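Single-structure report; data block below.
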Amino acid sequence: MTSPGGLPYPITLRGDGIVLREWRDEDLDALVELLDEPAIARWTPMTSPFDTAAGIAYLKRARQGRLSGRRMQLAVTVDGERPLGEVLLFGVDAGLREAELGYLVGAPHRRRGLAARSLTLLSGYARSTLNLGRLLLRIDPANTASTAVARHCGYRLTGEPPILQEGPYGPSSLDTWELVAGGANSRSERLRNVAARRYGRRS
Ligand SMILES: CC(C)(COP(=O)(O)OP(=O)(O)OC[C@H]1O[C@@H](n2cnc3c(N)ncnc32)[C@H](O)[C@@H]1OP(=O)(O)O)[C@@H](O)C(=O)NCCC(=O)NCCS
């Protein structure tokens with residue numbers, strides 16, 4: 001089914017040991033456990049503390065975004081069951097064929113390649129199925145984990161001026177990253193990176 005705004009709903013994306021699926025009402029406890037965490041409070045616009053009421057509102061907004069076709073918010077799982085994180089696609093501009101993506105992974109599940117594999121899967125889908133040519137990430141340069149994920153997946157810093165914002169941690173700025181042609185799904189790019197690692201640098 002395609003929702004009125006254009007983005008397909010519901011969907012399940014599978015690949016590289018990852019299953020991205022729609023959020024369900026019964027995910028509430030797991031969602032609160034994942035999102036009520038300092039790094040998520042620090043680097044995302046999530047409410048903190050993230051309690052049950054915040055979780056209910058979040059699931060409701062996710063469902064509305066899906067039904068209206070404006071956003072994709074998918075739970076990151078390895079088996080289609082327990083949510084371990086989330087990937088998002090939003091801000092779609094069909095004319096410019098561009099969209100922004102985002103990601104988070106629960107603290108106990110980090111450093112296992114979940115964010116990188118999920119972002120690669122969603123980016124590939126956005127390119128090949130949604131026909132979006134320009135995929136963007138907005139990242140605070142101090143967020144080393146997120147910049148590492150972006151780089152790993154074939155995103156590169158653009159020269160766009162930083163987006164300045166005020167948050168609970170004071171003023172910050174977000175850099176814009178863009179998936180380069182071929183991107184993370186490109187075999188040649190992966191091979192280049194393997195070769196570059198051997199010689200101690202990254203392409
Ligand atoms: C950013 C985040 C999603 C990373 O998730 P993750 O599943 O641990 O990341 P991965 O395991 O896929 O790691 C991918 C790469 O990033 C590197 N990386 C991950 N966390 C890192 C850290 N804290 N410091 C340095 N590098 C890190 C990994 O080593 C890996 O590098 P590689 O290219 O050498 O393989 C997670 O830390 C998180 O949810 N943080 C809070 C929310 C957030 O910042 N979201 C992004 C907002 S822009």
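In the range 39-53, the residues that are touching a residue at least 24 places away in the same chain (Cβ under 8 Å) and over 21 Å from residue 101 (Cβ atoms) form Cβ pairs under 6 Å with partners that are of a type in the set (Val, Ile, Thr) and part of a helix (DSSP H, G or I), at six or more places apart or across chains, as follows: 52/32. I'd like to know if the range 85-94 contains one or more residues that are away from the ligand (no atom under 16 Å from the Cβ) and outside any strand (DSSP E or B). Taking every residue of the range 85-94 in turn, at least one turns out to be away from the ligand (no atom under 16 Å from the Cβ) and outside any strand (DSSP E or B).
Residue count for the range 156-165 satisfying the condition of being of a type in the set (S, T, N, Q) and either in a strand (DSSP E or B) or closer than 25 Å to residue 109 by Cα (or both): 1. Of all residues in the range 166-193, those satisfying the criterion of being hydrophobic (A, V, I, L, M, F, W, C), modelled with pLDDT of 50 or more and outside any strand (DSSP E or B) are 180, 181, 184. Against the numbered list (1) in contact with a helix residue (DSSP H, G or I) (Cβ under 6 Å, 6 or more places away or on another chain); (2) more than 13 Å from the ligand (Cβ to nearest atom); (3) not charged (D, E, K, R), residue 69 comes up short only at (1). Which of the residues that make up the range 17-46 are more than 27 Å from residue 126 (Cβ to Cβ) and exposed (fewer than 15 other Cβ atoms within 10 Å of the Cβ)? Listed by number, the residues that qualify are 26, 29, 38.
Of the candidates 101, 28, the single residue that is touching a Leu at 6+ places or on another chain (Cβ under 7 Å) and not in a helix (DSSP H, G or I) is 101. Could you check, for the range 62-80, whether at least one of its residues is hydrophobic (A, V, I, L, M, F, W, C) and assigned to a helix (DSSP H, G or I)? Yes, the range 62-80 contains a residue that is hydrophobic (A, V, I, L, M, F, W, C) and assigned to a helix (DSSP H, G or I).
Going by what's in this entry, would residue 137 be described as closer than 23 Å to residue 12 by Cα and in a loop (DSSP other than H, G, I, E, B)?
No: the conditions fail for residue 137.
The listed residues are 117, 112, and the only one of them that is near the ligand (Cβ under 8 Å from one of its atoms), modelled with pLDDT of 80 or more and either assigned to a loop (DSSP other than H, G, I, E, B) or farther than 21 Å from residue 39 by Cβ (or both) turns out to be 112. Note on the range 126-149: residues that are touching a Lys or Arg at 6+ places or on another chain (Cβ under 8 Å) and of a type in the set (A, V, I, L, M) total 3.
Looking only at residues in the range 123-155 that are more than 14 Å from the ligand (Cβ to nearest atom) and surrounded by fewer than 18 Cβ atoms within 10 Å (Cβ to Cβ), the one that is nearest to residue 104 (Cα to Cα) is 134.
The values are calculated or read from the model by the stated rules, or taken from the named source; none is laboratory data. Note that this is a predicted model, so its numbers are computed, not measured. Here the Cβ is made from the backbone with ideal geometry for all residues, glycine too, and neighbour counts use every protein chain on show.
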